[in-house]
Amino acid sequence: MGQHTTGSDRAIPHFQDGPDHESLLVGHSSQIMERTSKPSWNRALDYGCKICLRGTSYCFLLACQVKRDMIRAIRACKTAAEERAVVRKECAAIRSAVSENDQDYRHRNLAKLMFIHMLGYPTHFGQMECLKLIASPGFPEKRIGYLGLMLLLDERQEVLMLVTNSLKQYPLYIWFYAFDYFSVISKSSSILLRDLNHSNQYIVGLALCALGNICSAEMARDLAPEVEKLLQFRDPNIRKKAALCSIRIVRKVPDLAENFINPAASLLKEKHHGVLLTGIQLCTDLCRVSAEALEYFRKKCTEGLVKVLKDVVNSPYAPEYDISGIADPFLHIRLLRLLRVLGQGDADASDCMNDILAQVATKTESNKNAGNAILYECVETIMSIEDNSGLRVLAINILGRFLSNRDNNIRYVALNMLMKAITVDTQAVQRHRPTILECVKDSDASIRKRALELVYLLVNESNVKPLTKELIEYLEVSDQEFKGDLTAKICSIVEKLSPEKIWYIDQMLKVLSEAGNYVKDEVWHALIVVITNASNLHGYTVRSLYRAVQTSGEKETLVRVAVWCIGEYGEMLVNNVGVLDVEEPITVTESDAVDVIEVAIKHHTTDLTTRAMCLIALLKLSCRFPTCSQRIKDVIVQDKGNLVLELQQRSIEFNSIIEKHQNIRSALVERMPVLDEATYSGRRAGSLPAAVSTSQGAALNLSNGVAKAAAAPLVDLLDLSSDDTPAPSSSGNDFLQDLLGVDLSPASSQAGQAQKSGTDVLLDLLSIGSPSAQDSSFTPNALSKSSQDDKTSMGALERLSSPSAPSIQASSPAGGSPMMDLLDGFASGPPLAEANGPAYPSVVAFESNSLRVMFNFSKQPGNPQTTIIEATFMNKSSVVYTDFIFQAAVPKFLQLHLDPASSNSLPESGDGSITQKLRVTNSQHGKKALVMRIRINYKANSKDTLEEGQISNFPRDL
Amino acid sequence: MDVEDFTMIHFVLLISRQGKVRLTKWYSPYSQKERTKVLRELSGLILTRGPKLCNFVEWRGFKVVYKRYASLYFCMCVNQDDNELEILEVIHHFVEILDRYFGSVCELDLIFNFHKAYYILDEILIAGELQESSKKTVARLVAAQDSLVEAAKEEASSLSNIIAQATK
């Protein structure tokens, strides 16, 4: 239960919680004058009276009483378990009432259910009850019914998906639920349609409200004409609801936008604030989805809107709309927003609104939140419309004032806006740099985060040094939870803009010593790459690191870099090679240097990577510091019984190198060649994990290290052949791609082609073999029995033939060679078949009397989420199809990309085919199966034909 | 860009100081599982913030504008580039209307009459957009609908009285 975050309140009975009775508005400025304030302690007692006064009938009182009893009982629970028990009991009672079709208590039960729903318990069984209530004629039932519908009808997408998924995956009761849900949707549509035309305007209002809050695309299409009509309803309160409802419809189905342009434009002429407010909002939304609407409103309405804004700004005091001395700030803001959309990219429209924007920017009171909200919107509009330098100065000045405001909200907003202002006027924003830098140190996390983002944008070559200095100084005192963000930003600034290497190294060492535990791996990897490239700074760097590690030895990444550098450049540390003028002299003995590493490897918090790096550094030092050789050997030997295989192995091997292979040791531990910066940054961009320790290992000829890395994924690969573990396939493929790089892709595409040609042949065979079925009947949109039989037999044939021969044949010559090199001794048979990812049987995705669609599947190695589908369309009729268009839609967890089709005309009688490639990315790979709806349009005998269908027979683990 | 991203207010939450949920209204699609997660994350984020800090928290690429009234936190989730100051006004607008309706509203009112709070919210927001800027109009519309309910109840009870009389 997500809501029960604090355990402490469980111990206190709820009625003793003081704050419950506290009036919410105490201490807040309020415009409500005629309020009767009551002592708060007798609020609870008031309840009985309140309900007596409001509810007159006994029945209603009873209903309330029972509901209140439940709420009381739930509130009195001291533990989550008790609460669950009460809820379970109530749910059981409601369920039995539901099954007995109890009419009297239906609305009471629904009210209870809503409360239970709010606590986070499942309440789907109540959806049908909502329907029954909204279907009943009375207003009270409809009112609670619609409320329940809006609250309980929510699992839209998940449930929709259920129906399209395969039956096996879900238990039966969920199926009933899903069907139940569909009938809820379809029935509620018809009831809504009736209620939208109801004679009682409040019922129309309820229906509009429900539609506006929960309607799906299908409902939107069905009911759009009714809503459009209601935009002209006599009562303004219905017009405003219809306007917001239209917004939802247009968001769901943007194609419907043009129907709403004219009625929306006429709403802009209204006087009623509610209608005006919602009408403006509707126009703004229409402009966002339709260029036609934007053009229309820009031409026809800009001047009118400017006038409306002028009237509102200059309107006299109106108590009904007044908020802290401003008449209807909400209307101000919406007008400014629509003007922004209209002025953006259009000089004439922008020109038209200059005066009024200047007036709003200068005249609006800025001592209250409402006024600042308007100024904020006005600044944003000025920044977005076509350039007017006078206005922009005004806007930047407002932001400057905001930035120095004492109110945190205003400062937050100012930082936010300055980020947008940077693109308009960098210089003006730079002037505020000191203030912004102060905000990075604010006590408020939201403000700090905004300010840091802004500083990041403000850094350039000229100010990088002082800014970095400030930020690093702040790093020392900043909160623990902010250190991560701050470190990442500093590292990014230093990497991006460092003027020279020594500065880069200095700053990175400071960051590592201050916040070494927050530094990401790729950052210190990059640092090492830079260090190897700065040959004149090796001595300086290793000495600086030596000093830093003395004081900040607990920072893991600092220790790693220090260990690496001491291993590589240890003799420079001891012999003071390449001392720079700025350095203080330092005397380090060989045993001091070994001390550092010994301390690191023995420290209890040191992790595996660092320990492994220490062992390599020690091996290197054993050669460089012959006098310490025996001591180093003793340290290395201590790990020979380590439970971690990697360390144990290194320890034993290094020990034997020191003991037995003196002659080759110096050759083995030569200094690392300079690491290539370009290669590293390229690898980083490609987001392949670049482990420096591994490359070091490679230089040391640790061939077994590499082989081990390869072995693990191989095991995964071999496991795969059992076919019921989809998860490892990804890692296997990833690894293979890393390993083989480009070499693999031609192999796989070749395999795909081979597979395709195989099935094509099969298709041809089958279609030629059953000519009678094609000729006999030609009725589109119908699946005849015979064709279904045809389909199943076909599917079976497919499965037998396609995956077996072609894929293996194709992969072995091309994919084999790079694999062989790497694995030489390994059994090469089984993994080869898997090198292209598992092969999937192709399916007959759709079949009618006139058309057959086949899908072939392939995957790119290394990308298990994405499936490449090759769709092949066959014409089963005896006429040519022209203007052939294939469309497909997928649920939200999938992404679909359609390549152009090979042709748009389809020859008759299977005499040829159209192919089209689809790329589907499954974000829930391994969890949910693919599913797709398709629609095919074509002309047969110059008659438009439409075929639709749903494909749910995709292979399981795509 | 998904067209639905234009929704101004993605959801409205009322959370008590103890982390109890008093009202939730979702204008963008969230599954039940996601909702529970959102509530858990946000109460952790918001309830722990100090009193003097700004009223905005950044969360999953959205901004949550919240304001504390006595024991209750009113929270609304909006897009990155929406006007946070205006949302604060919307929240206050809602609270004032609740206050006018219940007569110095407190958390208990919203617990026992949570459906009334929803009715009021439905007169203020639809599809995550503001519907009415006049508190008076909202109050009038809610009262009119309440009295419709009253009238229906009375009618029902008098009918049942008549039936009871007739069948005696």
Expected unfolding gain across A:ALA358-A:GLU908 under the 0.36 nm per residue rule, minus the alpha-carbon gap, is 191.2 nm
Calc'd 3J(HN,Hα), the stretch A:344-358, phi into Karplus 6.51 cos²θ - 1.76 cosθ + 1.60 (θ = phi - 60°), Hz, glycine/Pro = x, comes to 4, x, 9, 5, 4, 4, 4, 4, 4, 9, 3, 4, 5, 5, 4
Loop-resident GluC sites (Glu not before Pro) in the stretch A:302-384 with no more than 15 other Cβ atoms inside 10 Å, DSSP not H/G/I/E/B, are A:GLU320, A:GLU365
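Across peptide A:452-465, what mean number of C-beta atoms from other chains lies inside 10 Å of a residue's C-beta? Each step should come with its number before you reach the end.
Working: counts 0, 1, 0, 0, 0, 0, 0, 0, 0, 0, 0, 0, 0, 0.
The shielding value for this peptide is 0.
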For B:LYS37, counting only lysines whose alpha-carbon sits under 24 Å away and dropping same-chain residues fewer than eight positions off, the answer is A:LYS78, A:LYS112, A:LYS449, A:LYS892, A:LYS927, A:LYS928, B:LYS20, B:LYS25, B:LYS63, B:LYS67
Length-normalised contact order of chain B, Cα under 8 Å, at least 6 apart, in percent, tallies to 21 percent
The computed P(r) of the stretch A:840-951 puts the percent of Cα pairs beyond 24 Å at 25 percent
Inter-chain shielding metric for B:111-123, i.e. average beta-carbon neighbours from other chains within 10 angstrom, reads 6
For the stretch B:3-133, the Cα convex hull volume per residue in Å³ comes to 109 Å³
Expected vector for the stretch A:239-254, Karplus 3J(HN,Hα) from phi with 6.51, -1.76, 1.60 and θ = phi - 60°, integer Hz, x for Gly and Pro, equals 4, 5, 5, 5, 5, 5, 4, 4, 4, 4, 4, 5, 5, 6, 10, x
Computed over the stretch A:484-537, the distribution of all Cα-Cα distances in 5 Å bins, rounded to whole %, is 4, 21, 36, 26, 10, 3, 0
Cα-based Debye curve of the stretch A:374-494 sampled at q = 0.14 Å⁻¹ gives log₁₀ I(q)/I(0) of -0.58
Along the stretch B:78-88, Karplus-curve 3J(HN,Hα) (6.51, -1.76, 1.60; θ = phi - 60°) to the nearest Hz, with x for Gly and Pro, reads 10, 6, 3, 9, 7, 7, 5, 5, 5, 4, 4
For A:LYS78, other-chain or 5+-apart residues with amide H closer than 5 Å (H placed, Pro excluded) are none
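Please give the average number of partner chain Cβ atoms lying within 10 Å of the Cβ of each residue in A:277-285, rounded to a whole number.
3
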1/(1 + (r/R0)^6) with r = Cβ-Cβ of A:GLU100 and B:GLU150, R0 = 30 Å, i.e. FRET efficiency to nearest 0.05, evaluates to 0.60
So the FRET efficiency between A:GLU473 and A:THR679, C-beta based with R0 = 25 Å and rounded to 0.05, is 0.10
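Throughout, read-outs are computed from the coordinates displayed, never taken from laboratory work. The model shown is predicted, which means the values in this text are computed figures rather than measured ones. Cβ: placed from backbone, ideal geometry, glycine included. Neighbour counts: every protein chain shown.
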